[in-house]
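The values are calculated or read from the model by the stated rules, or taken from the named source; none is laboratory data. These numbers were taken from a predicted model, which means no experiment stands behind them. No Cβ is skipped: glycine too gets one built from the backbone with ideal geometry, and neighbour counts run over all protein chains shown. These area figures cover heavy atoms from the full protein model, side chains too; ligands, DNA and RNA do not enter into them. Shrake-Rupley method; radii C 1.70, N 1.55, O 1.52, S 1.80 Å.
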Amino acid sequence: MSSSPPETRPATPDDFDAVADVARALEIDLIGRALISAGDIRIWWTSADLATASWLVGGEGRLDAVAWVKFGDAWESFIASRPGHRDLEPFLLELAEQRVREAGGSQLRLDVLARDDVRRELVTARGYEPVRYFYEMRMELNSPPPEPEWPEGIRPAAFVPEDARAFYDAVGESFAEEWGFHPIPFDEWKRLRVDESDTSLYFVARDGDEIAGFARCEERGDDGFVGMLGVRRPWRRRGIGEALLRHAFGEFHGRGKRAAALGVDSANPTGATRLYERVGMQVAGENVVYEKELA
């Protein structure tokens, strides 16, 4: 890096795709596949003040690195840089820490892929410590997966726009106790997750008129990705989550997807990791959340 700080500009909604491209380039370099989508970034940015807490660095008409800070129950920073531009990350992390201090924050969290030695060395040198572990789990779809077995009284259904409010409420109820879960207002969620998204891989498990469980899935390249799977408390421990997963796997296979993937908190209080292993998924990668007390 040159002796003078690189020039930055704040991110705007027009940068979704370019930012996702940077993140994917780094992931492909580190683990051979991309995990983050532009849709993820659109949701994350609902908790960020882009004008004052985001920084893009670029040159020769291409974005080279990005960082932003968002606030939920805790301040969180996201940093990504293209391979060959990792030397920008210390500068961006310093900007993120400075912004949190200015806003009166006392802690900052940052995700680090387990295989990212560069990022891990950076954060540990600056006093960050690991506080949570998340797994990427995968299953190859070389053959048609087993058909789901639905509990008595439960029937699967495709999501329809009229389900939006009930689906949103079911997500909030199912994930209320999840570490780091930050619900966004319904109107914003509906715009991003329903009006501006492909909902053809959203599924619900119904008990009469009630949504007992749900799966919000999407296509990510050659993978079918389970972005969120949940069962409401009164319907848990009846096999609905497993049936929803197998239903989604069948849809993925029918669309020619090579694998099914998802992310899960290793300390998930509902025992989700055991469920995913039971249906044949295996840990393929790990993401570590680091945290630092800011002086």
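Annotations
- Using the empirical formula 2.2 N^0.38 Å as the baseline, the Cα radius of gyration of segment 1-156 reaches a ratio of 1.22.
- Rounded if a/c under 1.5, otherwise prolate or oblate - segment 137-263, Cα gyration tensor axes: oblate
- Our summary of shape: the Cα atoms of the chain have principal axis extents of 67, 38, 34 Å, ordered from largest down, in whole angstrom.
- Tensor-based shape of segment 1-83 (alpha-carbon gyration tensor, a/c under 1.5 rounded, otherwise prolate or oblate): oblate
- Ranking GLY58, PRO5, LEU88 by how far each Cα lies toward the positive end of the dipole of segment 5-135 (charges on Cβ) leaves LEU88 at the top.
- Mean residue ellipticity (222 nm) of the chain, computed from DSSP H runs ≥ 4 via -39,500 (n - 2.57), nearest 500: -8500 deg cm²/dmol
- Among LEU201, PRO148, GLY180 the positive-end extreme of the charge dipole of segment 134-204 (Cβ point charges): LEU201
- Computed over protein heavy atoms with a 1.4 Å probe, the carbon and sulfur contribution to the accessible area of segment 163-265 reaches 44%.
- Rounded FRET efficiency, nearest 0.05, which uses the C-beta distance separating SER197 from ARG132 and R0 of 30 Å: 0.65
- Debye-sum result for segment 53-138 in log10 I(q)/I(0), which assumes one identical scatterer on each alpha carbon, at q = 0.24, 0.27 Å⁻¹: -1.30, -1.47
- Prolate/oblate/rounded label for segment 122-203 (Cα gyration tensor, a/c 1.5): oblate
- Using the 1.4 Å probe convention, the accessible area of the chain works out to 48 Å² per residue with neighbouring protein chains retained.
- Ordered from largest to smallest accessible area (heavy atoms of protein chains, 1.4 Å probe), the residues SER37, SER200 come out as SER200, SER37.
- With Rh defined as the Kirkwood radius, the inverse of the mean 1/r over Cα pairs, the Rg/Rh of segment 213-295 is 1.04.
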